[in-house]
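In what follows, a structure is listed as structure tokens, so that the remarks can point back to it.
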Amino acid sequence: MKLYSYLNFNGNCEAAFTFYAQVLGGKIGDKMTYGESPMADQVSDEWRSKIMHAQLILGDQELMGADSTPEYFEEAKGTSVLIAVEDVEKAEHIFEALAENGTVKMPIQETFWAARFGMLVDQFGTPWLVNCDRAA
């Protein structure tokens, strides 16, 4: 069994996944627009270029997402995507990049459990936790 995070966007999934690939060092895998899908005739012309499914590959892990049509879109609440990083400098770099044009909820800092930990909501509305454990 595998668990995947699946992010929903309000029309900006392609921009978000391009940004995440750049920041996290991943690559875009599968990507399909509504216009390329069998349901192309069920969405407005404006939505045919929006992403029905996208995959970001990060080593042996995947992050997935899509643009939810307006009647189904809901902002993320009560969840976050956790990034576990082994290097303090890398954790700080990822945090600062994701925080660009977003909202920092807790600045990245040393805590009693981590060498660095921070919380933010990025410019696309995705809540992130960035954690770098203390050395063993």
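The values are calculated or read from the model by the stated rules, or taken from the named source; none is laboratory data. Everything numeric here is computed off the predicted structure, so don't read it as measured data. Please note: Cβ atoms are built from the backbone with ideal geometry, for glycine as well, and neighbour counts cover all protein chains shown.
Quick grid of which residues meet (1) more than 25 Å from D133 (Cβ to Cβ); (2) under 12 Å from the mean Cα position of the chain (by Cα); (3) among the acidic types (D, E):
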site	(1), (2), (3)
N12	yes, yes, no
Y20	no, yes, no
G29	yes, no, no
P38	yes, no, no
E62	no, yes, yes
G65	yes, yes, no
S80	no, yes, no
A84	no, no, no
D87	no, no, yes
Give the number of residues within the stretch 69-98 that are crowded, with 18+ Cβ neighbours inside 10 Å and touching a residue at least 60 places away in the same chain (Cβ under 8 Å).
2
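Could you count how many residues in the stretch 21-35 are more than 23 Å from K90 (Cβ to Cβ) and surrounded by fewer than 14 Cβ atoms within 10 Å (Cβ to Cβ)?
Of the residues in the stretch 21-35, 2 are more than 23 Å from K90 (Cβ to Cβ) and surrounded by fewer than 14 Cβ atoms within 10 Å (Cβ to Cβ).
Results for (1) farther than 20 Å from Q123 by Cβ; (2) touching a Ser or Thr at 6+ places or on another chain (Cβ under 8 Å); (3) at pLDDT below 95, shown as yes or no for each residue.
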site	(1), (2), (3)
A15	no, no, no
A21	no, no, no
I51	no, yes, no
L63	no, yes, no
K77	no, no, yes
I94	no, no, no
A97	no, no, no
M106	no, no, no
Positions within the stretch 99-118 being buried (at least 19 other Cβ atoms within 10 Å of the Cβ) and under 15 Å from the mean Cα position of the chain (by Cα), in sequence order
A99
Consider M52 against the criteria (1) closer than 20 Å to G11 by Cβ; (2) under 16 Å from the mean Cα position of the chain (by Cα); (3) outside the structural domain of G11 (by TED's automatic domain parsing): it satisfies all of them except one. Which criterion is unmet?
(3)
Pairs with Cβ under 6 Å, 6+ apart, first in the stretch 1-14 and over 8 Å from G65 (Cβ atoms), second basic (K, R):
G11/K50
Sort out which residues of the stretch 29-56 are of a type outside the set (G, A, S) and part of a helix (DSSP H, G or I), and write them in order of number.
Y34, E36, D41, Q42, D45, E46, W47
